[in-house]
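Only one structure is covered here, and it is reproduced in the block below.
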Amino acid sequence: MYFVPVRASIDEMGYAMSRLEIDSEHCDGAKTRDDITNGQRSHESLDNWDREISMITNSKSRPHERLARVTPGKRELPVSTVKMLAGRESNYSGRGRFSAADRCHMLGRYLPVNGPWLIDQMTSRAYVSQFSADGSLFVAGFQGSHIRVYNVEKGWKVQKNILAKSLRWTVTDTSLSPDQRFLVYGSMSPIVHIVDVGSATTDSLANITSDVNTVCFADESGHLIYSGSDDNLCKVWDRRCFIARGKPAGVLVGHLEGITFIDSRGDGRYFISNGKDQTIKLWDIRKMASNASCHLGLRNYEWDYRWMDYPPQARGLKHPGDQSVVTYRGHSVLRTLIRCYFSPLYSTGQKYIYTGSHDSCVYIYDLVTGDQVAVLKHHKSPVRDCSWHPDYPMLVSSSWDGDVVKWEFPMHGEATIPATKKRIWRRQFY
């Protein structure tokens, strides 16, 4: 499948025009660059940043130096597709083809902000929505005991409709095995269920639960594990030292409230976390300490994220020992464990992070600058989960309103069919 830009203005006028279109059409209420410059920053000063993450991100998403000429004192703009193609034909890279950075530079500018198109509509809240590793399957989990596996390559046909067993309140998490044969899912119970996606058989395995809200592997080695919980701390565990030490290899502080989700960059070094303090934070594990205090004394207010709005007086607070690299603000984390992710490596070079939000939107941030580059609006209830296709500019969001919708960069002259026109009557769950 090939994606051909359909708006010449993006190629001819570069990033400035594409950002203007996104901001005006999809980012009502989002912070602009002027707002951030005037003191309402969603991140720390550039002078205090860990510049390494910026260099790493640019190396994965910047075209060949002979094409990307930087004028001192001016912001670098994306190279047009025409120039990129001409550079490939002239073999500027010496490879006779686009490099991975060239590909990310081209695909990464075409954000999945158009739509949405309706995929499915249920009468209960959607809690989980995730693409498989290769993007061929998509899994959605609902409060009403249903887990649906869709075949993306066959027009989003429902391949498997699973009725969850021993469900407590809702399906809280799902994961497909690398070979896409098995699906594991869990709810608010000490049981993990394993389902053969190709059959109707369901088996259960015992699992020990605690107050940990989120956990993930740091990289493919499987040795390092990141976790986050309601003690406000991000912890790094070394699986090789569990028996000998029984405690984390290191702790990272900075969140003022509990942590709802963690996503690893996959390099064994960087990860992001979503917090009930209404922020996403980027972390470098080289900054971790052997022990740390969560400074619960900073809170001088009563607040419960399950039913109260975040106190205005808390928004200006900062942990005195904050070890995070960057802080991102604008979305809201209330009522449920909102998830956040790095954008795909293959198509964007992980130059963005994105998250659901209690205010019914999906937020996309620039990883390096912290700017909001898009806010996707359609849902009528909190968006707990969303997933960016690993190869193409396509993002799927699911909400407590029961809608599962996809957002894309428009291709092949397709006209956007608003999902609201397909909406059917149903009972709303609030």
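The values are calculated or read from the model by the stated rules, or taken from the named source; none is laboratory data. Nothing here was measured: the structure is a model prediction, and the numbers come from that model. Note: ideal-geometry Cβ built from the backbone for every residue, glycine included; neighbour counts use all protein chains shown. To get the accessible areas, we keep the full protein, side chains included, count just its heavy atoms, and leave off ligands, DNA and RNA. Shrake-Rupley method; radii C 1.70, N 1.55, O 1.52, S 1.80 Å.
Can you give me the distance in nm between label points at Arg335 and Lys157, each placed 7 Å from the Cα along the Cα-to-Cβ direction?
According to this spin-label approximation, the distance is 3.6 nm.
Asp391 versus Leu317, label points 7 Å from Cα toward the beta carbon: distance in nm?
4.7
Among 215-226, 364-375, 115-126, 305-316, what's the highest-first ranking by average C-beta atoms within 10 angstrom per residue?
Peptide ranking by packing, descending: 364-375, 115-126, 215-226, 305-316.
Please calculate how many Å² of accessible area the stretch 220-371 carries per residue, with a 1.4 Å probe and no DNA, RNA or ligand atoms counted.
38
Order the following by accessible area, largest value first: Arg384, Arg269. Probe radius 1.4 Å; ligands, DNA and RNA are ignored.
Highest to lowest solvent-accessible surface, that is Arg269, Arg384.
If each residue of separation counts as 0.36 nm, what is the full-extension length gain between His223 and Ser124 once their alpha-carbon separation is subtracted?
Result for the pair: 31.9 nm of gain on full extension.
Would you please give the FRET efficiency between Arg181 and Glu302, computed as 1/(1 + (r/R0)^6) with r the Cβ-Cβ distance and R0 = 41 Å, to the nearest 0.05?
It comes out at approximately 0.25.
So which of Lys60/Lys406; Lys276/Lys377; Lys60/Lys160; Lys60/Lys154; Lys235/Lys351 end up more than 30 Å apart by C-alpha?
Working: Lys60/Lys406 26 Å; Lys276/Lys377 21 Å; Lys60/Lys160 37 Å; Lys60/Lys154 32 Å; Lys235/Lys351 24 Å.
Result: Lys60/Lys160; Lys60/Lys154 exceed 30 Å.
I'd like the FRET efficiency for Asp230 and Ser145, computed as 1/(1 + (r/R0)^6) with the beta carbon distance as r and R0 of 25 Å, rounded to 0.05.
E between Asp230 and Ser145, to the nearest 0.05, is 0.40.
Describe numerically, in nm with one decimal, the distance between label points set 7 Å from Cα along Cα→Cβ at Ala133 and at Arg51.
Spacing of the two 7 Å Cα→Cβ label points: 3.7 nm.
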